[in-house]
Amino acid sequence: MHILSGRELLKRIGPWVVSIVTTFVLFISLAFALQHFKLNENIVFGVPYILIFYFWGGYFLRKHGWSKALGSSLFLVAIFINLVFLSSPYNTANEFKATRVFLLFPFLAGIFLIMQQGKLLRLLGMFMFILAIFGALLGASFLPR
């Protein structure tokens, strides 16, 4: 019986499996880290999901063919999830302040999309800035008084 070395095993398994396992490990560790600091549930569960969709969407957007279409759809899912967390109603002013971290993601995603080649991606990047401002205003309208 031949035992594979670490390098041979990595070649056989492929970088995809390593990437997917790393994504799940980072997702779980980020969720536990955010929960440790006793942050809002929206932040604890929302930030890892959004980051994963943005990461894989951005990764696939840099490819060609079906991968670019997959990246676009993952990016659009991340945008939708981000808008939901931005515009969700809040019970206290502290929840509103804690969830302002979600404004960072659309701005960074907009910068990433504007730097890509293609008119449609650049237009989507500009739309991201408008969407972030709209989401912030919508979230502020739900702020309890």
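The values are calculated or read from the model by the stated rules, or taken from the named source; none is laboratory data. As the structure is a prediction and not an experimental result, all values here were calculated from the model. No Cβ is skipped: glycine too gets one built from the backbone with ideal geometry, and neighbour counts run over all protein chains shown.
Out of the residues in segment 27-77 that are of a type in the set (A, V, I, L, M, F, W, C) and more than 19 Å from Phe105 (Cβ to Cβ), which is modelled with the highest pLDDT? Residue satisfying both the conditions and the ranking: Leu70. Before we move on, is Ile130 modelled with pLDDT of 85 or more and out of contact with any strand residue (DSSP E or B) (no Cβ under 9 Å at 6 or more places or on another chain)? So Ile130 fits the description; yes. Looking only at residues in segment 83-107 that are at pLDDT 80 or above and buried (at least 16 other Cβ atoms within 10 Å of the Cβ), the one that is nearest to the chain's Cα centre (by Cα) is Phe105. Determine which single condition Glu8 fails, assuming it passes every other condition in (1) modelled with pLDDT of 70 or more; (2) of a type in the set (Asp, Glu); (3) under 22 Å from Phe96 (Cβ atoms). If we test Glu8 against (1) modelled with pLDDT of 70 or more; (2) of a type in the set (Asp, Glu); (3) under 22 Å from Phe96 (Cβ atoms), just (3) comes out false.
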